[in-house]
C-alpha cells in the first residue's frame, strides 16, 4: 500500500508542531493523553494541560487573518488545524478554539479597522472571544432575538440575557447579537463588540453553567446584562445590518466547524480499530467478522465523503464565494448527520464497551456525546434546509442541466492548486441562481461517458444526473407557499435530495481531477476509482434506498487502506497526514 | 415558468397589483388582505422569504437588484417606488 504524503501538503502548516506539543494521546503518562482528557471530562473541566499547550502554540493566531497579523489565509488550512484539535479532544476544539472563531468571523466581516485590530490583538494574546447570539427562547430565529441595545445619548444601553454560550464568563470580549430597532423586520439587529473590562460589575451576572450531555468541559454559560452602558462605537459596522452580517459570516463557520468535527470520527475509527485488534470473540479476532469489516469500511468511506464535500466547499468559498449561502448550509446539513451515523454504527462494534465511562475504551462514549452538538449547534439542520429550499426553484430555472449557465473553476477540485485569498466581503446572502457544483456533475458525467473509464462508475453517476433532472421538474413547480417554514415534508425532502447530489458532485469531481494527474503528482489511493465508487454508492443509497452492487474487492481495498493508515498512525481523511508522535503499531518518524 | 415582462411596461399601479398578488401567494393570504403601507414582515414574510421574493422580482422584471432590497424597503409602497426608480427606459 502506498503511504506517501500528498504532494499538496503545505510545509508551513503547523500540524507537526501541534502534535509535538500535545504528545502521544495513547501514552497515559502524557498530560494531554486521552486518559487525562477523560479525567478532565469527568470533572466537567477543560483539559488544563491541553489549554496550556494550545496557548504555547498560539492557536488564536490561526483565527486571525494574515492582514491583521495572524495566520488565517485559507479555510482548508484552518479546518485542518481545527480538526487536529478535535481529534485529540472535542472540548478543546470547541471550548478553546472554534467558539472564538465563531465570534471573530463577525468582526472580520463587518467590523471597522479599529474593531478588527482590537479583536485580533486579543486573539494574538491567546485571549478568548465569546459569541453571544443564542437565546433559548428563540433558537435559530435571529429576527426575534430580544436582547436589546438601545441608544442612550452618546452610548448604547444593553439589557437582556443570553444562554448556553461557550466561554461567556472567561472571555475577554463578547460579540453580542442585539435588537437595535424595536420594529419587526430584517434591519433591526446589530452585533456589538464589548470588552469585559468595560462592563460595570453591578450591571452583569452569570447564571450557573448549563448541564449538558456532551462537551462537558466547555464552559457553557449564560449572561444577564442590566442597563449596561456600552460605548457608541461598539456596534460592528452599520447599525441594523446584524442579520446580514450573521447570514454572511456564518457561511464560513458552517463549513469550517463540520470540517473540524470530522476529527471525532477519525479518533472514533482509530479507537474502534484498537479495540478490534485486541478483542477475541467466538475464537476469532473481532476484525475477522465480515459485519465488523463492513461497518469499518462504511465509516471510512463516509469520512472520505465528508472530507471531499467540506474541502470542495471550503475551496469554493475562496473561488466562488457568491454561492456560499447554499453550499455552506449543505455541508452543515449533511456532514454532521453522516458523522453521527458513522459513530453510532461504530459503537455497535464496541458493544458494551462504548457505554462504559471507565476502562480502556471509555474514550468512545465521550466522542459520541461530544459529536452531538455538530448536528444542532450553530445552525440546526432544519435551519440549513430553510436556507436551501427557497433557493431551489431559482437554481432549477437558471442553473441545473445548463452546462453553460455557471462557470466552474477547475481549481475547485484540484487539491494541489493554491487558493486565492479569501475575502469575507465577497460573501452574498443568496446564490443568485448560480450552481457550479451541479454544472460540474453534468459536465464530468459527459466526459466520463466519452472515456468509458470504469464500468462501475457510469451507472452510479447517472443516478445523480437523473436525480438532478427530477429535482428540476419538482422544484420549478414548487409554489411560493412551499418555500417557507410552513413547507411540507415533501418539499423539505427536495433540499435533502439536492444536498446529496451536491455532495456526489464534489466527490466525483475531486476524484476526476486526481485521476487525471501525472502519476508523480497525484495520490495513488485517490487516483484509483474504487474509493469513489464506494463513496458514490453510499450517497446513492441515500436517494434510492437500494444498494448498487459493487465487487467484493472494493471493500477489501478500502479495509486494507484503513488498516495501513492505522498501523502507520496516518489520518483517515483526504490528506493522510502523519500524526506525529502518536503511537503507531508500525512506527513512522516525523 | 414566470412570464417575462419588460420593466418599462409597468406603471406604479400595475406594479403594485403584481407585487400584492405575489406577496399574497407567498404568505397564503388573499390579495385584498395585503395593505401596501404595512411592513411585509407583519404578514409573515420573513427575512429569507424576502430574499426569495426579491429573486422572483429580478427574474420577472429582468432587473439586477440588491438581494436586500426588501429588507431596506419593507412595504409595497416603498418597494414599488424603488423598483420604478430602477427601471431604465428601453
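Condition first: closer than 14 Å to residue A:395 by Cβ and facing chain B (nearest Cβ under 9 Å). Now tell me which residues in segment A:429-443 satisfy that. Matches in segment A:429-443: A:430, A:432, A:433. For segment A:469-500, the set of residues classified as in a helix (DSSP H, G or I) and under 25 Å from the mean Cα position of the chain (by Cα) consists of A:492, A:493, A:494, A:495, A:496, A:497, A:498, A:499, A:500, listed by residue number. Restricting attention to segment B:24-56, the residues being farther than 14 Å from residue A:390 by Cα and more than 7 Å from chain A (Cβ to nearest Cβ) number 14.
For residue A:108, the stated conditions hold: it is within 30 Å of residue A:17 (Cα to Cα) and buried (at least 17 other Cβ atoms within 10 Å of the Cβ). Within segment A:125-146, identify whether any single residue is touching a helix residue (DSSP H, G or I) at 6+ places or on another chain (Cβ under 6 Å), assigned to a strand (DSSP E or B), buried (at least 23 other Cβ atoms within 10 Å of the Cβ) and within 14 Å of chain B (Cβ to nearest Cβ), and answer yes or no. No, every residue in segment A:125-146 fails to be touching a helix residue (DSSP H, G or I) at 6+ places or on another chain (Cβ under 6 Å), assigned to a strand (DSSP E or B), buried (at least 23 other Cβ atoms within 10 Å of the Cβ) and within 14 Å of chain B (Cβ to nearest Cβ). Within 27 Å of residue A:63 (Cα to Cα) and part of a strand (DSSP E or B) - does that describe any residue in segment A:113-121? No, segment A:113-121 contains no residue that is within 27 Å of residue A:63 (Cα to Cα) and part of a strand (DSSP E or B). Looking at A:224, A:244, just one residue is within 14 Å of another protein chain (Cβ to nearest Cβ) and touching a residue at least 40 places away in the same chain (Cβ under 8 Å), and that residue is A:244.
Put simply, of A:121, A:150, A:171, A:178 the only residue that is surrounded by fewer than 24 Cβ atoms within 10 Å (Cβ to Cβ) and not assigned by TED's automatic domain parsing to the domain that holds residue A:64 is A:150.
The lone criterion from (1) farther than 27 Å from residue A:512 by Cβ; (2) more than 14 Å from chain B (Cβ to nearest Cβ); (3) modelled with pLDDT under 90 left unmet by residue A:407 is number (1).
Residue by residue, here is whether (1) under 10 Å from the mean Cα position of the chain (by Cα); (2) buried (at least 19 other Cβ atoms within 10 Å of the Cβ) holds:
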position	(1), (2)
B:15	yes, yes
B:19	yes, yes
B:33	no, no
B:64	no, no
B:71	no, yes
B:78	yes, no
B:87	no, no
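Let me confirm something: among A:92, A:59, A:54, which residue is out of contact with any strand residue (DSSP E or B) (no Cβ under 6 Å at 6 or more places or on another chain), crowded, with 21+ Cβ neighbours inside 10 Å, within 19 Å of residue A:252 (Cα to Cα) and away from every other protein chain (no Cβ under 14 Å)? On inspection, the qualifying residue turns out to be A:59. Among the residues of segment A:471-487, just one is within 13 Å of chain B (Cβ to nearest Cβ) and farther than 21 Å from residue B:54 by Cα, namely A:473.
Could you please let me know if residue A:543 is surrounded by fewer than 21 Cβ atoms within 10 Å (Cβ to Cβ), closer than 27 Å to residue A:328 by Cα and touching a residue at least 60 places away in the same chain (Cβ under 8 Å)? Answer is yes for this residue.
The values are calculated or read from the model by the stated rules, or taken from the named source; none is laboratory data. It should be emphasised that the depicted structure is a prediction, and the values quoted were computed from it without experimental measurement. Positions of Cβ are generated from backbone atoms using ideal geometry, with glycine treated the same way; all protein chains shown enter the neighbour counts.
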